[in-house]
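Taking it in order: structure first as structure tokens, then the write-up.
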Amino acid sequence: MDPLLRVEDIHKRYGTEEVLRGVSFQLDRGQTKVVIGPSGTGKSTLLRCINRLTAPDRGQVWLEDVEVTAPRAKINEIRSQIGFVFQDFNLFTHLTALDNVRLGLVKVKRMGKREATTRAMEELTRVGLKDKAGAYPAHLSGGQQQRVSIARALAMDPKLILFDEPTSALDPELIGEVLNVMAQLAEDGMTMIVVTHEMGFARSVADEIVFMEHGVIVEQGPPEKLFRSPEVARTGEFLRKISELYGAEE
Amino acid sequence: MEAVIANVVEVTRHLPMLLRSSLINIQLLLALLVVGFLVGTVVALLQVYGGRFVGVVAFVYEWVFRSIPALVLLFLFYYGPAQFGLYISSFLAATLALGFRSSAYQSQVFRGAIQSVPPGQMLAARSLGMGRGRAVISIVLPQAFRLAIPGWSNEFASVVKDTTLAYAVGLNEIMRSARIIVDRRYDLAMLALLVVALIFLVFTYAGNGLLGVVERRVRVPGLTTAEPGGTRREHG
Ligand SMILES: Nc1ncnc2c1ncn2[C@@H]1O[C@H](COP(=O)(O)OP(=O)(O)OP(=O)(O)O)[C@@H](O)[C@H]1O
Ligand SMILES: [Mg+2]
């Protein structure tokens, strides 16, 4: 089967700093990839290059048989098929949870209001927030906001969801509720790329872990392999350090 | 004492004329607010999203209309076109001159409000597949307008008063009526002008009340700014 996503030799430079120096990987349908790496390594930049929130300088991204990076690609249509979950949620402040989830359906997918409402309520229910539909973001906890933002991405029926450190802005006691939702998504067969330091999640949910440093992929492979017998010494070193910091209980 | 009472009675006789002409001020006010709001919003959007060249043009526009005295603008718009055989009404001249002037001030308010919408809002909208224009209309502006209400209220208070300047180009507004009274009876000057002042107190009071209602109607938790000169309390 063809991969759902192909990333080929992505380069990105900010000023004189080359943030991505040739990143390539593939992702099959239903797979979850966890991306780890030190701060400033280009993980966020890589995610943003995939849906072109940031334009890569070189290289290609393919979503199925559509080249995302083609100059004439219908980028808005492509973006509507790729969910993006931000570290600081970025829920639309002036809209209720329901309207946050519904907006893309109405404005981008041109769905009727009734149908959009039904659809949005389904997704809010899926993330356990049916009873918060009428609440504004300011009245939701961080964990609830992040779950609404996941529902917002899910409602668009994306082929793939990109998560950029979805739990880094959360109080420790709220991390679990978000990770549980994500683990359930992976179980349901959603295709995901997750940048995270949560090694417990990575070990139990990821099909593959990608270790990045200085704008390149140092090593990638199944969690068991990377944790037990990494090929590059640096990978093991980083995994040990991060596991100490964030815990990696199995 | 009797003389004072007689004067009050005399001015009261002219009250209908003053009130009728104050309707012209209200019409002008509405015209100014519409022109100022629409042009101000466009100028602010161009300043923020227009790119370098367009942005500079928008800034020059703002600078020009904020720097030229209101009376000079009024005369320019009234007598300027007439020199080329284009005669426009004093109402239209005042609408354009004072409306553009207000748009320059309003664009400042809106620009600040647009810029204080966090960039993540735009990113999230784009990530859903909204185009930039769509995102501006659905996400940025609804938030920016709410944030702009306190600043906009100040501009509103200025514009209400500015409508009397149109007196200078001969619009039959309230100051002109007052002037007619004064020209006939010089000793009524103070009383007549106090009545004008009172009418403006009522206008401003009513306007602020209306704006307060609008603000409460559109208020959303987490989307308020500090009011100039005071802190806004958030409810809920
Ligand atoms: N818009 C930008 N303009 C200039 N430099 C940028 C921009 N975005 C990112 N950078 C730089 O690119 C480098 C990589 O940033 P990026 O956010 O992709 O790293 P990251 O791996 O996600 O780090 P973190 O773990 O801290 O989130 C950093 O040095 C950052 O300063
Ligand atoms: Mg990052």
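Could you tell me which of A:ALA153, A:LEU226, A:PHE163 has its Cα farthest along the dipole of segment A:119-250 towards the positive end, charges placed at Cβ (Lys, Arg +1; Asp, Glu -1), taken about the Cα centre? Checked the options; the winner is A:ALA153.
With a/c under 1.5 counting as rounded, go ahead and sort the protein assembly as shown into rounded, prolate or oblate using the C-alpha gyration tensor (a ≥ b ≥ c being the square roots of the eigenvalues; past the cut-off, prolate if a/b is larger than b/c, else oblate).
Numbers: a/c = 3.36, a/b = 2.52, b/c = 1.33.
Prolate.
Counting Cβ atoms of other protein chains within 10 Å of each residue's Cβ and taking the mean over peptide A:83-96 gives 5. Residues in chain B average 53 Å² of solvent-accessible surface per residue, probe 1.4 Å, ligands and nucleic acids excluded. Taking chain B as a Gaussian network of alpha-carbon nodes connected by springs under 10 Å, the highest mean-square fluctuation of the residues B:GLY80, B:GLY129, B:GLY151 belongs to B:GLY129. Per residue of peptide A:102-110, the mean number of Cβ atoms on other chains within 10 Å of the residue Cβ is 4. In this structure, the amide hydrogen of A:PHE163, modeled 1.01 Å from its nitrogen in the peptide plane, lies closer than 5 angstrom to those of A:VAL85, A:ILE193, A:VAL194, A:VAL195, counting only residues at least 5 positions away or on a different chain.
For the cross-link pairs A:LYS33/A:LYS241; A:LYS33/A:LYS107; A:LYS130/A:LYS159; A:LYS43/A:LYS159; A:LYS130/A:LYS241; A:LYS12/A:LYS74, the ones whose C-alpha atoms lie over 27 Å apart are A:LYS33/A:LYS107; A:LYS130/A:LYS241. The relative contact order of chain A, computed from alpha carbon pairs under 8 Å that lie at least 6 residues apart in sequence, is 25 percent. Summed over the residues of segment A:132-210 and divided among them, the accessible surface reaches 31 Å² per residue at a probe radius of 1.4 Å. Buried accessible surface for the B/A pair, both sides summed and rounded to the nearest 100, is 2000 Å² with a 1.4 Å probe.
Note on A:SER39/A:SER141: beta-carbon distance plugged into 1/(1 + (r/R0)^6) with R0 of 35 Å gives a FRET efficiency of 0.85.
Could you tell me the calculated FRET efficiency between A:ALA73 and B:ALA168, based on Cβ-Cβ distance and R0 = 56 angstrom, to the nearest 0.05? Efficiency for this residue pair is about 0.45. Computed with a 1.4 Å probe over protein heavy atoms only, the accessible surface of segment A:42-84 comes to 44 Å² per residue. Would you mind checking segment A:56-88 for residues with the amide N under 12 Å from a putative spin-label position 7 Å along Cα→C-beta of A:ARG13? Under 12 Å, as judged by backbone N against the label point of A:ARG13, lie A:57-58 of segment A:56-88. Would you mind telling me the share, in percent, of accessible area of the protein assembly as shown contributed by carbon and sulfur at probe 1.4 angstrom? After summing per-atom areas, the C and S share lands at 57 percent.
GNM on chain A, alpha-carbon springs under 10 angstrom: the most fluctuating residue among A:LYS113, A:LYS43, A:LYS159 is A:LYS113. Distant-in-sequence amide contacts of A:GLU18, defined by a placed amide H-H separation under 5 Å and a gap of 5 or more residues or a different chain, comprise nothing. Considering only beta bridges that DSSP places wholly inside the protein assembly as shown, some 55 percent are antiparallel. Here the label points at A:SER168 and B:TYR79, each 7 Å from Cα along the C-beta direction, are separated by 6.4 nm in the simple model. Projecting label points 7 angstrom from Cα along Cα→Cβ for B:ARG134 and A:LYS159 puts them 1.8 nm apart.
I want the antiparallel fraction of DSSP beta bridges within segment A:95-250, as a percent rounded to 5.
Taking every DSSP beta bridge with both residues in segment A:95-250, the antiparallel ones total about 55 percent.
Extension gain B:LEU211-B:SER67, at 0.36 nm per residue separation less the Cα-Cα distance, in nm?
Length difference between fully extended and current span is 49.1 nm.
Each residue, B:MET190 and A:ARG114, gets one label point 7 Å from its Cα in the Cβ direction; the gap between the two is 7.1 nm. Please give the net charge around A:ARG21, taking every other residue with its beta carbon less than 12 angstrom from that of A:ARG21, where Lys and Arg add +1 and Asp and Glu add -1. That sum, taken over residues with Cβ under 12 Å, equals -2.
The values are calculated or read from the model by the stated rules, or taken from the named source; none is laboratory data. None of the values given here were measured: they were computed from a predicted structure. Every residue, glycine among them, receives a Cβ derived from its backbone with ideal geometry; neighbour counts consider all protein chains shown. Accessible surface areas use protein heavy atoms only, side chains included; no ligands, DNA or RNA. Shrake-Rupley method; radii C 1.70, N 1.55, O 1.52, S 1.80 Å.
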